[in-house]
Amino acid sequence: MKAIITGATGGLGRNLTEFLLAHNWKVLALGRNQNIGNQLKTAFKSFDLSDKNACLKNWQEIDIVFHCAALSSPWGKLADFQAANIIATQNVLTAAKQFGCHKFIHISTPSIYFDFADHLQIKENYLPKQFVNFYAQTKYQAEKLVAQSSLNSIIIRPRGIFGEYDTALLPRLARLANEKGFLPLIKRLGRNAGDAIVDTTYVGNVVLALFNAATIDIPEIAFRQPESLFCQNKTPVFNITNNEPKTMAEILSIIKEILHWQVKFKTVSYSVLDMAAKAMEKISLITQKEPLLTRYSAAVSAFDQTLNIHSAQKYLNYTPQFSLSDGLERYAKHTARN
């Protein structure tokens, strides 16, 4: 099999690249980071996906496209998100179609569900009245482009990815612990500190889901049963998690234990964080500099949000192979080696 992976120098893309190479796939890796690209044991190209001419010039005939690339941030200019998440997706779709792509796997985000409210077992058809930020807004618009294309496509929404080559979740927690000397347990009015129930997903499980999405044919009958499989224009959409929701306090305790972090917990008021974030966002509108804290960043660990993965289990034959503890153990060993 021949595949193109966009965003191959990011955490998910890098793990997917290594997995496919280990399974004897031919991979063309595309990414922003030339230094990381040079470390990949496959062909690598670096260019701006929002440049249509560059995209077509650097493409090649392939079987599968895994579109992992995106601008993922709680803050930024709308034009930047549109270029990275919408225009780039349209260009990748155009190139994929022109060069004979058989299947297009699009990696989206459960951020599109978030609306500053508690939700458990969210199904793929849920949409908030308003998207929380430009990232969520443009990623959903990218989904619609994928669904409107004539390509055989699947959309994946993995929640809270962590693991090898992680540059976001665990490293940010580590920096916070080192700089502040504590890990925050957010307390909302009428609830205990750190009791928000959330999902996480080890990157190895996401890679397995992507592999299944690329290699499994969803039966035609599934598309005639909308109550059991959510589709946009016959493009199926799947939530992906570890399927082991835990409170933030439980998750941070497991991280502390397995990664041997000598750090204490500290209760932090959500209302105080939210007010501070609002003030920082107002200042940032003037300074045009990213705030240290956004309302979304403050809230994402304060509200319940778990996903229903029944469709992925049924139609992608998805079963998480690694628990939260397994994933952290693998992450720790990988970090120690590197």
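The values are calculated or read from the model by the stated rules, or taken from the named source; none is laboratory data. Everything numeric here is computed off the predicted structure, so don't read it as measured data. Note that each Cβ is placed from the backbone with ideal geometry, even for glycine, and that neighbours are counted across all protein chains shown.
Candidates are the residues of the range 114-161 that are in contact with a Phe, Trp or Tyr (Cβ under 6 Å, 6 or more places away or on another chain) and assigned to a loop (DSSP other than H, G, I, E, B); the one that is farthest from Ala8 (Cα to Cα) is Asp118. In the condition set (1) within 18 Å of the chain's Cα centre (by Cα); (2) part of a helix (DSSP H, G or I); (3) at pLDDT 95 or above, Asn239 is compliant with all but (2).
Within the range 300-338, the only residue that satisfies the criterion of being small (Gly, Ala, Ser) and free of Cβ contacts under 8 Å to residues at least 40 places away in the same chain is Ala336.
Per the listing Tyr135, Tyr126, Tyr140, the residue uniquely of a type in the set (Ser, Thr, Tyr), under 19 Å from Cys68 (Cβ atoms), in contact with a helix residue (DSSP H, G or I) (Cβ under 7 Å, 6 or more places away or on another chain) and free of Cβ contacts under 8 Å to residues at least 60 places away in the same chain is Tyr140.
Of all residues in the range 207-225, at least one satisfies being of a type in the set (S, T, N, Q), assigned to a helix (DSSP H, G or I) and in the same structural domain as Lys314 (by TED's automatic domain parsing).
Report yes if some residue within the range 286-295 is in contact (Cβ under 8 Å) with a residue 40 or more places away in the chain, in contact with a strand residue (DSSP E or B) (Cβ under 8 Å, 6 or more places away or on another chain) and of a type in the set (Val, Ile, Thr); otherwise report no. No, the range 286-295 contains no residue that is in contact (Cβ under 8 Å) with a residue 40 or more places away in the chain, in contact with a strand residue (DSSP E or B) (Cβ under 8 Å, 6 or more places away or on another chain) and of a type in the set (Val, Ile, Thr). Exactly one residue among Ile240, Ile258 is among the β-branched types (Val, Ile, Thr) and either touching a Cys at 6+ places or on another chain (Cβ under 7 Å) or surrounded by fewer than 18 Cβ atoms within 10 Å (Cβ to Cβ) (or both), and that residue is Ile258.
Candidates are the residues of the range 270-280 that are surrounded by 16 or more Cβ atoms within 10 Å (Cβ to Cβ) and touching a residue at least 24 places away in the same chain (Cβ under 8 Å); the one that is farthest from Glu250 (Cα to Cα) is Asp274. Please return the ranges of strands (runs of 3 or more DSSP E) entirely within the range 13-113 where 2 or more residues are buried (at least 19 other Cβ atoms within 10 Å of the Cβ), at pLDDT 95 or above and among the polar types (S, T, N, Q). So the answer is none; nothing clears 2.
Residues checked against (1) surrounded by fewer than 17 Cβ atoms within 10 Å (Cβ to Cβ); (2) modelled with pLDDT of 95 or more:
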| residue | (1), (2) |
| --- | --- |
| Asn192 | yes, yes |
| Asp195 | yes, yes |
| Thr200 | no, yes |
| Gly204 | no, yes |
| Leu210 | no, yes |
| Asp217 | yes, no |
| Glu220 | yes, no |
| Leu229 | no, no |
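Every residue, every condition in (1) assigned by TED's automatic domain parsing to the domain that holds Gly190; (2) part of a helix (DSSP H, G or I); (3) among the basic types (Lys, Arg), yes or no:
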{"position": "Gln262", "(1), (2), (3)": "yes, no, no"}
{"position": "Thr267", "(1), (2), (3)": "yes, no, no"}
{"position": "Ile283", "(1), (2), (3)": "yes, yes, no"}
{"position": "Ile286", "(1), (2), (3)": "yes, yes, no"}
{"position": "Lys289", "(1), (2), (3)": "yes, no, yes"}
{"position": "Leu293", "(1), (2), (3)": "yes, no, no"}
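Of the residues in the range 127-143, not one is among the charged types (D, E, K, R), in contact with an Asp or Glu (Cβ under 6 Å, 6 or more places away or on another chain) and modelled with pLDDT of 95 or more. Going by the structure shown, is Asn192 under 16 Å from the mean Cα position of the chain (by Cα) and not in a helix (DSSP H, G or I)? For Asn192, the condition - under 16 Å from the mean Cα position of the chain (by Cα) and not in a helix (DSSP H, G or I) - is not met. Inside the range 61-77, residues that are over 17 Å from Gly13 (Cβ atoms) and over 19 Å from the mean Cα position of the chain (by Cα) make up a count of 3. Quick check on my filter: what residues within the range 89-122 are at negative phi and out of contact with any helix residue (DSSP H, G or I) (no Cβ under 8 Å at 6 or more places or on another chain)? The answer is Ala96, Lys97, Phe99, Cys101, His102, Pro110, Tyr113, Asp115, Ala117, Asp118, Leu120.
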